[in-house]
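Read through the structure below, which is laid out as structure tokens, and then see the notes.
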Amino acid sequence: MDSYFMIDLVNVLISGLLIGSLYAIMALGLTIIHGVIRIFNFCHGGMSVLGGYLTFMFLSAFGFSLIPSIILSCLLMFGFGLILYRTSIAFLVKKPNWEITSVIFLLGLGILMENLILQLFGPRVKEVPLFFEDVFEFGSILIDQQDVVLVLFVIIFVLGLNLFFSRTWLGRSIRAVAQDMNGAKVVGINANRTLGLAFGLASAVTGLAGILLATKYYLTPQVGWDWMFKGFIIVVFGGLGTISGAIFAGLFLGLVESLITFYGSQSWVWPAWFVIFLIVLLIKPEGLFGRKSASY
Amino acid sequence: MAEKALHIELSRFGDRSMQDLINRKKLIILAALIMMAILPAVTQSPYIIHLFNVFFIWAIVVSNWNLIMGYAGIWSMANVAFLVIGCYTSALLSMHSGLPPVICIPLSGLVTMLVATLFIGLPSLRLRGIYIALLSMIFANMLPDILRITRHVTGGSIGLPEVPPLFEGITPLHSYYINFVAFIILLLVVYWIINSRTGLAFMALRDAYELATALGISEYREKLKVFALSSFSTGIAGGLYVHYNGIASPDLLYISTFLMAIAMMVVGGMGRFPGGVLGAALFVFGGEWLRMFGIARLTIMGGMICIFILFFPGGLMELVERLDNMIFQSRRKELPSLETE
């Protein structure tokens, strides 16, 4: 009896870690965009679903194999973000009420994207194939190879992104613009170009997160909203702009979710997340790892 | 007194067209109200009457949302959820407590006010706008799950199919006039708040925060007051809606309803008074017309939100003002924008 309980618990913990790492990568795109333009990307869900659908399209309509389609989709998402920034966001953020107008603009865009995807691809559930089909067996504990690969991929990706932001010229100039726009301009960084590239990078990361979530779960045009709200909670919980915070919060909330789903019911997941979010906002609005700053 | 001061202020600048505009606006609103009052004498079509009933409810909801978001600067994204809370409260009360629906509706307003103020209003005193947007969206996103958990009471994803009507033997015509009166009263309340000391306080807080607080304006008190009042009105609208409709259904929580409401507000004109009414009219009557595009309806709405935010952030009301400027060739200065930060 006891050993069954242990096995269940280990399985729950493993699936929690997996979900958590996927949520963490989901939150990365949000963090980058919030870092550079100080707004939450309310069409995050639409972008991630778009990434998933692009990969699906390359796989099914053009018959590419999985890795090239993922790379192509990320490139397309990069272009999408760049164009989006250049054509609209760059103008919106200069207006007097830029915060609320850009939030509503992005919300409208998310709705637009959801319904465009719905019309282009239809309402049916789509699936992106797994990287690997096999299963590792440790006694009575089963772990999908796919899951292991996903977690490893997320770790490598996050490390790579960290290196990008700390070592490369572009990454450092993005950070410079995020910290002090005028200072960055003084030392000769083209702020507008950098912001556009950062936005493109963020949407590529978001698209990638959508693809990874699609390999694990499924794709419908609406599913992005759920992912987006979870991403919001994670970035705020972990502390805005801190990648390690996002990962920690992602893992924590992933564990909470899988424990609740296993021992209670799926319906309790969102109420639990809401309560956690409310408590975090009221007690420590800067998040677990965030720095204290003036306004929340 | 204030009116006289405004009058002097305006005539000093030799700028009478603003008064003309206000008067024209008032005349048009009055004419529209009279037309709505005598409409049932002109057409008996149940379809038209039904559309107007829906329009009245949405106009109340969107105007109150506009008050919270456009004036008070609390970025609540959960006002459709408040409407749903009002619906379910009134439905459950009238089904289980034996109270007549006429009493249940104000009670549902109270319950909505309590829930909304507790979860969104109080945190909004501590947090910046965008965090309230997140919190309230997640709150709205959580409600279907709450309904599923309490399905033995609330009916889960099916809803409550047999909500009693407002009173026995009610006809669509009765509900038309009841909703019409509620529409007028609740919108007058909104208008009154905007033009009262509270509205002035928000303008002062927006234009000169330090000065306003030094003069003793409490941002917290004003925000809470407006929030409580408009969630109360939204709850009442929910009660009216559920007894008119006869069903309390979680369908209202779909993202498409939320989209329609936000489109009403943005296209109508955020932070401009009759904007919500205009937006509600456009999308309730125009939405029926958009139905012939079938599934593309929501795409068009999403596109409209983007276009209006990019090019006409003041919505239709801004367009109306611009047109008015063009037609009457006035040198009127820009009306002070009422949007908060």
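The values are calculated or read from the model by the stated rules, or taken from the named source; none is laboratory data. Since the structure is predicted, the reported quantities are computational estimates derived from the model, not experimental observations. Reconstructed Cβ throughout: ideal geometry from the backbone, glycine too, with neighbour counts over all protein chains shown.
Couple of notes before you dig in:
- Test result for A:Gly241, touching a Ser or Thr at 6+ places or on another chain (Cβ under 9 Å), at pLDDT below 85 and surrounded by fewer than 23 Cβ atoms within 10 Å (Cβ to Cβ): yes
- Highlighted here are the helices (runs of 4 or more DSSP H) found entirely within the stretch B:96-193 that include at least 3 residues which are without any contact (Cβ under 8 Å) to a residue 12 or more places away in the chain: B:129-149.
- Of everything listed in (1) within 11 Å of chain B (Cβ to nearest Cβ); (2) over 22 Å from A:Ser102 (Cα atoms); (3) within 15 Å of the chain's Cα centre (by Cα); (4) not aromatic (Phe, Trp, Tyr), the single unmet condition for A:Thr242 is (1).
- Which listed residue, of A:Ala27, A:Ala61, is small (Gly, Ala, Ser) and within 14 Å of chain B (Cβ to nearest Cβ): A:Ala27
- Test for B:Ser108: is it surrounded by 24 or more Cβ atoms within 10 Å (Cβ to Cβ), of a type in the set (S, T, N, Q), touching a Ser or Thr at 6+ places or on another chain (Cβ under 6 Å) and within 14 Å of chain A (Cβ to nearest Cβ): no
- Residue match in the stretch A:46-54 (condition: modelled with pLDDT of 85 or more, facing chain B (nearest Cβ under 10 Å) and assigned to a helix (DSSP H, G or I)): yes
- Residue match in the stretch B:65-72 (condition: in contact (Cβ under 8 Å) with a residue 40 or more places away in the chain, among the aromatic types (Phe, Trp, Tyr) and more than 14 Å from every other protein chain (Cβ to nearest Cβ)): no
- Taking the criterion of being more than 14 Å from chain B (Cβ to nearest Cβ) and either part of a loop (DSSP other than H, G, I, E, B) or in contact with a strand residue (DSSP E or B) (Cβ under 6 Å, 6 or more places away or on another chain) (or both), the residues of the stretch A:109-137 that qualify are A:Val125, A:Lys126, A:Glu127, A:Val128, A:Pro129, A:Leu130, A:Phe131, A:Phe132, A:Glu133, A:Asp134, A:Val135, A:Phe136.
- Among residues of the stretch B:111-145 being aliphatic (A, V, I, L, M) and surrounded by fewer than 18 Cβ atoms within 10 Å (Cβ to Cβ), the one that is farthest from B:Val242 (Cα to Cα) is B:Leu125.
- Number of positions in the stretch B:270-298 that are modelled with pLDDT of 85 or more and within 14 Å of another protein chain (Cβ to nearest Cβ): 2
- In the set A:Ile141, A:Ile117, only one residue is β-branched (Val, Ile, Thr) and within 23 Å of the chain's Cα centre (by Cα); that residue is A:Ile117.
- From the options B:Gly159, B:Gly129, residue that is more than 14 Å from chain A (Cβ to nearest Cβ), modelled with pLDDT under 90 and closer than 30 Å to A:Leu107 by Cβ: B:Gly159
- Cβ pairs under 9 Å, 6+ apart, first in the stretch A:79-95 and without any contact (Cβ under 8 Å) to a residue 12 or more places away in the chain and more than 11 Å from every other protein chain (Cβ to nearest Cβ), second part of a helix (DSSP H, G or I) and surrounded by 14 or more Cβ atoms within 10 Å (Cβ to Cβ): A:Ile83/A:Gly196; A:Ile83/A:Gly200
- Among the residues of the stretch A:245-279, those identified as of a type in the set (Ser, Thr, Tyr) and within 13 Å of chain B (Cβ to nearest Cβ) are A:Thr261, A:Ser265, A:Ser267.
- Selected residue [of a type outside the set (Phe, Trp, Tyr), touching a helix residue (DSSP H, G or I) at 6+ places or on another chain (Cβ under 6 Å) and away from chain B (no Cβ under 14 Å)] from A:Gly210, A:Gly287: A:Gly210
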